[in-house]
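Taking it in order: structure first as structure tokens, then the write-up.
Read-outs: derived from the displayed coordinates by stated rules, not from any lab. Note that the structure is predicted; figures quoted are calculated from it, not measured. All Cβ positions, even for glycine, are placed from backbone atoms using ideal geometry, and neighbour counts span all protein chains on display.
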Amino acid sequence: MTVTDIRSVLLALLCSIPVVTIGYLVLQRLRTRSLAVSTVVLTLIPMLAMLAGVVVTTGFMFSRELRTTALVWLVVTAVCVPTAVVLGRSVARRSVWEGDLRDRERAAEDARRQLVAWVSHDLRTPLAGIRAMTEALADRVVTDPADVADYAHQIRAESLRLSAMVDDLFEMSRIHAGAVAPPLMPVAVTDVVRAAVASVRPVAEASGVLVRVERPAGETGAVVQGAAAELIRVVRNLLGNAVRHTPEHGEVVVSTGTDASEVWLRVDDSCGGIPEADLPRVFDVAYRGSSNRDSAYDSSGGPAGAGLGLAIARGLVEAHSGRIGVANQGSGCRFEVRLPALRLAIGADPSAGAV
């Protein structure tokens, strides 16, 4: 390499440093701008530095070679800048997607840990009670027939609760695995509501809570496409949650209707409302709420459950291509389910009454 070549290299280096410095400062000013603008500037920095080095090393002599170099530079810039923008956006989308995926994985892991903690506590309590009562019966500590019958009743109740909890865990695992594929058949919403209300009626009566079914006058019976058992479970979970958090002598209202191409079902309770900060988390796994909704027992004195009912309801509704939401309404809160309507059944009884 000759002395002239070395001088040309050093001169090009000295010319490129200010261009790179200015480009860096411009990028710092553009941090709040769009990714496309930053990508264009980032692509132009080395190309402008190269052009500046070429112009300076030629002594600003605009010869044919310099013009040819400038033309090649323009062509390369016209190709590289759009390509850089497209690739930059692709990389950014992938980075955002990977970041969202990591956030979802962390949230899922946190939910699993919380669920394990909740379920461990909920399993331990009834198991301890069953063990204590069976040991008392086996050791003949309790011999009075009335006490033995009472112990048997409590053991049966706790066993049913454990069985229901295991069923909820199994259903939740199916939802998380994406294995819920309900058979699509015409289902009358009135039949779903009737069956769900009948199943929670004993608990509501024991809690002193009135469950009332309402339908707008003249409203025909709506029909959706789905699985009756899964839809009944959705409504039953919503009603059970409403009854559990409604005080004695309170009221839970179930209403149905149609809106455009959708069927809606609402459950209004008298729980006193949910804190606004907790509303986005109501359907999370193991959520039990705060304030007046965090009790370990329901209004009838029974256990409050493992916090899976609303999460299961959301999973089953989404499996039916529907959506579910919650909002504070009056003296309580309103859970609303919306499902695609299949058709309207003519001649349904629009009457409403207390259950």
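What's the extension gain from Val166 to Leu137 if we count 0.36 nm per residue and subtract their Cα-Cα distance?
My answer for the length gained is 7.8 nm.
Work from the charge dipole of the range 146-273 (Cβ charges, +1 for Lys and Arg, -1 for Asp and Glu, about the Cα centre) and give the residue of Val187, Val148, Val209 farthest towards its positive end.
Val187
Taking 0.36 nm per intervening residue step and subtracting the Cα-Cα distance, what contour gain separates Glu98 from Asp259 on full extension?
Full extension from Glu98 to Asp259 adds 54.1 nm.
Full-extension gain between Arg89 and Val148, please, as 0.36 nm times their residue separation minus the C-alpha to C-alpha distance.
Stretched fully, the Arg89-Val148 segment lengthens by 14.1 nm.
Among 90-98, 332-340, how do they line up from the highest to the lowest mean number of other beta-carbon atoms within 10 Å?
The packing order, highest mean first, is 332-340, 90-98.
Which cross-chain or sequence-distant (5 or more) residues have an amide H under 5 Å from the amide H of Arg334, H modelled 1.01 Å from N in plane?
Hits under the 5 Å cutoff: Ala327, Asn328, Gln329.
Tell me, what is the FRET efficiency for Val79 and Leu14 to the nearest 0.05, using R0 = 25 angstrom and their Cβ-Cβ distance as r?
For R0 = 25 Å, the calculated efficiency reads 0.30.
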